[in-house]
């Protein structure tokens, strides 16, 4: 047996592809302002780098995060390139409301109670209101519209909602929610309108309203569960081969011996596991791409290691070669399906020890992208 000391899994982030996705998704709804969703550290790929590139190259001035602390970090990261950017906090004003004032964050109010708390703490400061039009997860019910409108010194600068079935273009609920949204937003004639994220933007131009909340599509993942022409891959996750060995028929691989060879089999061990974000379920049917071959994951994925069957490519793969876990040759949507999950989860679960390497214009990203 031979072994290697190279044990680094990393994800290459193509910021040029992110820019292309921003342009294409914006073009799907002419007249709507494209905004970038940066929650969960830019879907696991690095919010600051993504935001800085979009601010500098595309003059993006509207961003969304889930929590106030994310907004504080983003405000600091954009201080030189987009000091006046709007940063909306989707989960609403929770906890210390002074942080919204200090970092110039705009809360998305999701209930009458939140609206009352906000106007009491910060009268005349802008806020968005999210109305539930059929998702039944987050948002003020329509019956609270009049009460919210009656609050003195509540300055509403945007009305928004969210589609429950945006991942299915022809789902009838999309049209139903749009009609409900159109009716309620008419009561806020001076506020911008925002109904859709990536999936909704690709349903049709009628859904764009005034502002698009571009999330998963920016980062190269289709919301429809399969690759689409409008979205280029952004992230390529790879891991090195650190050991290669042969096993005989009847030999088992990995914890609990879930894979048993039925023929002479060559196995390669990759330095990546569920501790890096590669799901344990990948052993039930996922493939990786290496040396021009598609190789199945065999045995159970462990915390730090994954084993693949390279029998059909014995001379093409050596220790130190890198396997593409997902990327341009191994679409993340296909890998996610094999793991019984979605591309969103594969990106956002990438572990801290997976290095993010940024690329722009075909080269490693310049210092201004990440040195902030």
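The values are calculated or read from the model by the stated rules, or taken from the named source; none is laboratory data. Because the structure is predicted, anything quoted here is derived from the model rather than measured. Virtual Cβ from ideal backbone geometry, glycine too; neighbours counted across all protein chains shown.
Taken together, 69, 148 contain a single residue that is at pLDDT 95 or above and in contact with a strand residue (DSSP E or B) (Cβ under 8 Å, 6 or more places away or on another chain), which is 148.
When the range 26-41 is filtered for residues that are touching a helix residue (DSSP H, G or I) at 6+ places or on another chain (Cβ under 7 Å), within 25 Å of residue 67 (Cα to Cα) and surrounded by 22 or more Cβ atoms within 10 Å (Cβ to Cβ), the ones remaining, listed by number, are 34, 36, 38. Residue pairs whose Cβ atoms lie under 6 Å apart, sitting 6 or more positions apart in sequence or on different chains, and linking a residue in the range 343-372 that is at positive phi and not assigned by TED's automatic domain parsing to the domain that holds residue 42 to a partner that is surrounded by fewer than 14 Cβ atoms within 10 Å (Cβ to Cβ) and not in a strand (DSSP E or B), do not occur here.
Only one entry of 115, 49 meets the criterion of being over 23 Å from residue 361 (Cβ atoms) and either modelled with pLDDT of 95 or more or not in a helix (DSSP H, G or I) (or both), and that entry is 115. Total residues in the range 52-67 satisfying the condition of being closer than 15 Å to residue 213 by Cβ and part of a loop (DSSP other than H, G, I, E, B): the figure is 3. Screening the candidates 281, 338, 316, 268 for the property of being under 17 Å from residue 246 (Cα atoms) and surrounded by fewer than 21 Cβ atoms within 10 Å (Cβ to Cβ) yields one hit, 316.
Can you tell me which residue is nearest to residue 36 (Cα to Cα) among those in the range 77-107 that are over 21 Å from the mean Cα position of the chain (by Cα) and assigned to a helix (DSSP H, G or I)? Filtering the range 77-107 for residues that are over 21 Å from the mean Cα position of the chain (by Cα) and assigned to a helix (DSSP H, G or I), the one nearest to residue 36 (Cα to Cα) comes out as 100.
A quick yes/no check of all residues on (1) over 19 Å from residue 19 (Cα atoms); (2) in a helix (DSSP H, G or I):
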position	(1), (2)
170	yes, no
180	yes, yes
187	yes, no
199	no, yes
212	no, no
218	no, yes
226	yes, no
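Residues that are assigned to a loop (DSSP other than H, G, I, E, B) and either under 24 Å from the mean Cα position of the chain (by Cα) or surrounded by 16 or more Cβ atoms within 10 Å (Cβ to Cβ) (or both) within the range 153-168 comprise 154, 161, 162, 163, 164, 165, 166, 167, 168, listed in sequence order. Here 199, 215 are screened, and the one residue that is touching a strand residue (DSSP E or B) at 6+ places or on another chain (Cβ under 9 Å), over 19 Å from residue 157 (Cβ atoms) and either without any contact (Cβ under 8 Å) to a residue 40 or more places away in the chain or assigned by TED's automatic domain parsing to the domain that holds residue 43 (or both) is 215.
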